[in-house]
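Written below as structure tokens is the structure these notes are about.
Just so you know, all these numbers are worked out from the coordinates, no wet-lab data involved. Given the structure is predicted, the values throughout are model-derived calculations rather than measurements. Glycine gets a Cβ as well: all are built from the backbone with ideal geometry, and neighbour counts include every protein chain shown.
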Amino acid sequence: MQLHNLTPATGAVKKPKRIGRGEGSGHGGTATRGNKGQQADTGYQSKKGHEGGQMPIQRRMPKRGFKNPFRVSYKVFNLSQVDMLVEKYGLTEFTPDILYMNGLINRTDLVKILAVGEFSSKISFKVNAASAKAKEAILKAGSTIDLV
């Protein structure tokens, strides 16, 4: 077997339908569109999600819930996670920029510290928010915290 001898398996390659190319093509006359009607005409397009006159699903389903436009969502780190990240990445500062550089958060994420777990590292924090217990634990461990 050589590269110039390779061919596809029989029946694997079919010629495309040449629609609207006369009677000799086998698809002449109505060009496989049936007889008359909106869909037989040129330029026909159906709208996305159209269900042929049936009540569409987005109108059949009830509206649910409420989306608060003023919600502020934080990327949360527990003190035990912070301790683990300090060991793993050798951090001296815990800031959104450093977390972004290490691929832990996205550029626009806000960072919040919560007081779950043990914390013993001495590093400086510059974060967007922290719980009262987390602040207390950080200061007790000899670290500093600034809210940005």
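List of remarks:
- Odd one out for T108, checked against (1) under 30 Å from the mean Cα position of the chain (by Cα); (2) surrounded by 15 or more Cβ atoms within 10 Å (Cβ to Cβ); (3) not in a helix (DSSP H, G or I): (2)
- Against the list (1) touching a helix residue (DSSP H, G or I) at 6+ places or on another chain (Cβ under 7 Å); (2) loosely packed, with under 10 Cβ neighbours inside 10 Å; (3) within 30 Å of K17 (Cα to Cα); (4) not aliphatic (A, V, I, L, M), the condition G37 fails is (1).
Residue by residue, here is whether (1) closer than 30 Å to V127 by Cα; (2) touching a strand residue (DSSP E or B) at 6+ places or on another chain (Cβ under 8 Å); (3) not β-branched (V, I, T); (4) not in a loop (DSSP other than H, G, I, E, B) holds:
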| residue | (1), (2), (3), (4) |
| --- | --- |
| A31 | no, no, yes, no |
| Q39 | no, no, yes, yes |
| T42 | no, no, no, no |
| Q58 | no, no, yes, yes |
| K75 | yes, yes, yes, yes |
| M84 | yes, no, yes, yes |
| K88 | yes, no, yes, yes |
| L91 | yes, no, yes, no |
